[in-house]
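Data first, discussion second: the structure below is written as structure tokens.
Any read-out appearing in this document is the output of simple, stated calculations on the displayed coordinates, not a laboratory observation. It should be emphasised that the depicted structure is a prediction, and the values quoted were computed from it without experimental measurement. All Cβ positions, glycine included, derive from the backbone under ideal geometry; neighbour counts span all protein chains shown.
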Amino acid sequence: MLITGGLGFIGSALARHLVKLEAKVTLVDSLIPEYGGNLFNIHDIQDRVTVDLSDVRDGPAMARLIKGRQFLFNLAGQTSHLDSMTDPLTDLNINAAAQLSILESCRLHNPEVKIIFASTRQVYGRPEYLPVDENHPLNPVDVNGINKLAGEWYHLLYNHVHKIRASALRLTNTYGPGMRVKDSRQTFLGIWIRQLIERNPIQIFGSGKQRRDFNFVDDVVDALLLAGAKSESEGELFNLGSKEHISLEELAATVVRLNNGGRYELVPFPADREVIDIGDYYGNFGKIDKALGWSPHVSLEEGLARTLTYYKQHHAHYWD
Ligand SMILES: NC(=O)c1ccc[n+]([C@@H]2O[C@H](COP(=O)([O-])OP(=O)(O)OC[C@H]3O[C@@H](n4cnc5c(N)ncnc54)[C@H](O)[C@@H]3O)[C@@H](O)[C@H]2O)c1
């Protein structure tokens, strides 16, 4: 098994599950400081995985790494929406061009591989209806959404034309132990957790009324594994999502309650964020439920409590 972005939040959680299943796992990650890669994410499994600090933009390195693999969990990505607007070409090169180059390596060196690609609900942009299903129009509001869309479509194209089995999961807000909490580059919930533990007020941008859905990381790992295991995933893209959706203000109140202390405040939206905000979003995950039998199991309450416990114990490895 090869996991690109394997030292990141979701990639390392996937690696932990695969190691439990006795799989032979190689993690590729370039550990670019602004992204979510962190060696501490694999501190408990480091002796049972192989780490390769290559960059997915390095074609020859990827060709070497892809040869002979049964599965490629393709999770490496630039995840910051804001960074994609200030440095759009880096986002293009990682989220789109490198994806095409990875697929070319698969076509030339390992057409038998099965690929699962981590895409994003950002491809839909501002929802026209809720919950958003896979037939919703695609109107990305930022460069990241456009490049991730290209990345996922390259995967489907290679499935249809070159018969390289591939599927894409459109992840919604994913949270849990191992996420980047240093800043809000990966998710606003990350910086909220840091603000709470450092006893600073959680800052909610805007009215706090925006509704969102969240998946605990273990549920996302289950979806990745199911997509890998089942042939029904091939050539398909699927939304993930949750049975619950919640406003940001309710979410902030929930984490404050679970933390037994803290506070939040509503602050004006910074202009550069407001212009790419998508408003309310929650997804319909009926397609993956029907095709692969996936639905999330960890409630928001439980997942947030587990996340807080983790960062209270391990924050030194994430922001000190
Ligand atoms: N976390 C979420 O809420 C969320 C939502 C939607 C989609 N996704 C997608 O899921 C995937 C994993 O996200 P995550 O939350 O684990 O983020 P993450 O930043 O923790 O993980 C991504 C990993 O990719 C690595 N990486 C980035 N560029 C690379 C490059 N050029 N070469 C090699 N490695 C590189 C980073 O170092 C990092 O470890 C991403 O593709 C992201 O777009 C995540």
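Taking the criterion of being free of Cβ contacts under 8 Å to residues at least 24 places away in the same chain, of a type outside the set (A, V, I, L, M, F, W, C) and either away from the ligand (no atom under 15 Å from the Cβ) or over 19 Å from residue 279 (Cβ atoms) (or both), the residues of the stretch 121-158 that qualify are 128, 129, 135, 136, 137, 139. Restricting 97, 76 to residues that are within 11 Å of the ligand (Cβ to nearest atom) and assigned to a helix (DSSP H, G or I) narrows the list to 97.
Apart from one condition, residue 53 fits all of (1) more than 12 Å from the ligand (Cβ to nearest atom); (2) farther than 18 Å from residue 148 by Cβ; the exception is (1).
Go through 27, 39 for me and flag whichever is surrounded by fewer than 21 Cβ atoms within 10 Å (Cβ to Cβ), within 14 Å of the ligand (Cβ to nearest atom) and among the aliphatic types (A, V, I, L, M). Spell out the reasoning first.
Details: 27 fails: surrounded by fewer than 21 Cβ atoms within 10 Å (Cβ to Cβ).
From the options 27, 39, the qualifying one is 39.
In this entry, residue 6 passes the filter for residues that are surrounded by 19 or more Cβ atoms within 10 Å (Cβ to Cβ), in a loop (DSSP other than H, G, I, E, B) and not charged (D, E, K, R).
If you take the residues in the stretch 42-62 that are among the acidic types (Asp, Glu) and touching a helix residue (DSSP H, G or I) at 6+ places or on another chain (Cβ under 9 Å), which one is surrounded by the most Cβ atoms within 10 Å (Cβ to Cβ)?
Initially, the stretch 42-62 is screened for residues among the acidic types (Asp, Glu), giving 44, 47, 52, 55, 58.
Narrowing further to those that are touching a helix residue (DSSP H, G or I) at 6+ places or on another chain (Cβ under 9 Å): 44, 52, 55, 58.
Values: 44: 11, 52: 16, 55: 18, 58: 15.
Once the filter is applied, the top-ranked residue is 55.
Candidates 65, 14, 103: the one that is crowded, with 20+ Cβ neighbours inside 10 Å, in a helix (DSSP H, G or I) and more than 14 Å from the ligand (Cβ to nearest atom) is 103. Of the listed requirements (1) assigned to a loop (DSSP other than H, G, I, E, B); (2) out of contact with any helix residue (DSSP H, G or I) (no Cβ under 8 Å at 6 or more places or on another chain), residue 244 misses just one: (2).
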